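Throughout, read-outs are computed from the coordinates displayed, never taken from laboratory work. Predicted, not measured: the structure shown is a model, and the values here were computed from it. Because the Cβ atoms are built from the backbone with ideal geometry, glycine has one as well, and the counts that use them run over all protein chains shown.
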Amino acid sequence: MWEYTDKVKDHFFNPHNVGEIENPDGVGEVGSLACGDALKLTFKLDKKGKIKEAKFKTFGCASAIATSSVLTDMIKGLTLEEAAKITNRDIANYLGGLPEQKMHCSVMGREALEAAIENYRGGGKKKHELEGKVVCTCFGVTEKEIERVIRENDLTTVEQVTNYCKAGGGCGGCKGEIEKIIENIQGDKAGRILETAPKWAGRLTNIQKIQMIQQTIDEQIRPALRTDGGDIELIDVEGDKVIVAFRGMCAQCKLTEFTMKDVVEAKLREFVSKDLFVEEDKDLTQQPHSHRG
């Protein structure tokens, strides 16, 4: 479903340091099953104060497993001060890169490490604590977390912020506030990027729009879904609403909502119009699909 590097695939199929350390020195927990990703990181120090052993348990996609696996490799032999300097970009780069829509997995790894270090130093809470005002109530992402991923990764669009921390990926009600945060941090840079966004999309006729949507599905979306045994069918277009039905393995996947937003909607906004939004026709998704010759 995604174009993964060989290193990501290796850490996914053969993850390192899986499990949980007994009597660990530090424990960090981030995410939740409700949000689709969860990670628990434990480590133990040697007599010199360096990380001797690190293990993880995670619930999530291939990227979540790979980033957790490689992170435990990266921090071994480091002091806590050295480990604390690792950024989500360092984790992604160590893997040779991640799909843009999966960068939030590297952020989750960094947060788990910080929580584990804080747990060791403070001897208290293991769970990653939310700091500041919650902006995205769907995924529990705060203003400070959004500001941090924007600064550390030089983000300039709401879609990028969603890719890095999931904020805005639920109901979408917080997107206006995310835009304001981006503008406050990036200033003129964000404005220039918005000005250079495609303006032809608004002038498309309905027939042209449907043709471009179908072309994007055929060329950009369907090949990725088919690699995992899934497929997608365009059902209808009503203004800016694109109605689709998932087929094959995608029809049975519990993470279809994320696929619809992180893959389908993101690609259609990139290649057709930033105003498009996608809805699933669940009745048609559940029906067996007969190929028409």
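The modelled label-to-label distance for the pair residue 85/residue 9, using points 7 Å beyond Cα in the direction of Cβ, is 3.4 nm. Computed from backbone phi, the HN-Hα couplings of region 167-183 come to 4, x, x, x, 6, x, x, 9, 4, x, 5, 5, 4, 5, 5, 4, 5 Hz, rounded to whole numbers (Karplus: 6.51 cos²θ - 1.76 cosθ + 1.60, θ = phi - 60°; Gly and Pro given as x). Cross-link partners of residue 133 among aspartates and glutamates, defined as those whose alpha carbon lies under 15 angstrom from its own and excluding same-chain residues fewer than eight positions apart: 143, 145, 147, 177.
Give me the distance in nm between label points sitting 7 Å out from Cα along the Cα-to-Cβ direction at residue 20 and residue 47, one decimal. Placing both labels 7 Å beyond Cα along the Cβ direction yields 3.0 nm.
For region 1-79, GluC sites (Glu not before Pro) are listed when DSSP marks them as loop and at most 12 other Cβ atoms sit within 10 Å of their Cβ; the list is 3, 20, 22. For region 68-73, the Karplus equation 6.51 cos²θ - 1.76 cosθ + 1.60, evaluated at θ = phi - 60°, returns couplings of 5, 4, 5, 4, 5, 5 Hz by residue, with Gly and Pro reported as x. The calculated FRET efficiency for residue 208 paired with residue 183, based on their beta-carbon distance and R0 = 30 Å, is about 0.40. Find out how many positive minus negative residues lie around residue 165, taking Lys and Arg as positive, Asp and Glu as negative, among other residues whose Cβ is under 10 Å from that of residue 165. For residues surrounding residue 165, the net value is 0. In terms of distances greater than 30 angstrom between alpha carbons, the cross-link table entries 9/55; 55/180; 76/180; 180/267 yield 55/180; 76/180. Annotation: amide H-H contacts under 5 Å for residue 37 (H modelled 1.01 Å from N, sequence separation of 5 or more, or interchain): 32. Near the amide H of residue 141, within less than 5 Å, lie the amide hydrogens of 135, 136, all on another chain or at least 5 residues away, with H placed in the peptide plane. Kirkwood-type hydrodynamic radius, region 1-120: 13.9 Å, calculated from all non-identical alpha-carbon pairs.
3J(HN,Hα) along region 241-246: 8, 10, 9, 10, 10, 8 Hz, from the Karplus curve 6.51 cos²θ - 1.76 cosθ + 1.60 with θ = phi - 60°, whole Hz, x for Gly and Pro. Suppose we look only past 19 Å in the calculated P(r) of region 7-60. What percent of the Cα-Cα pairs does that tail hold? Of all Cα-Cα pairs in region 7-60, 38 percent lie more than 19 Å apart.
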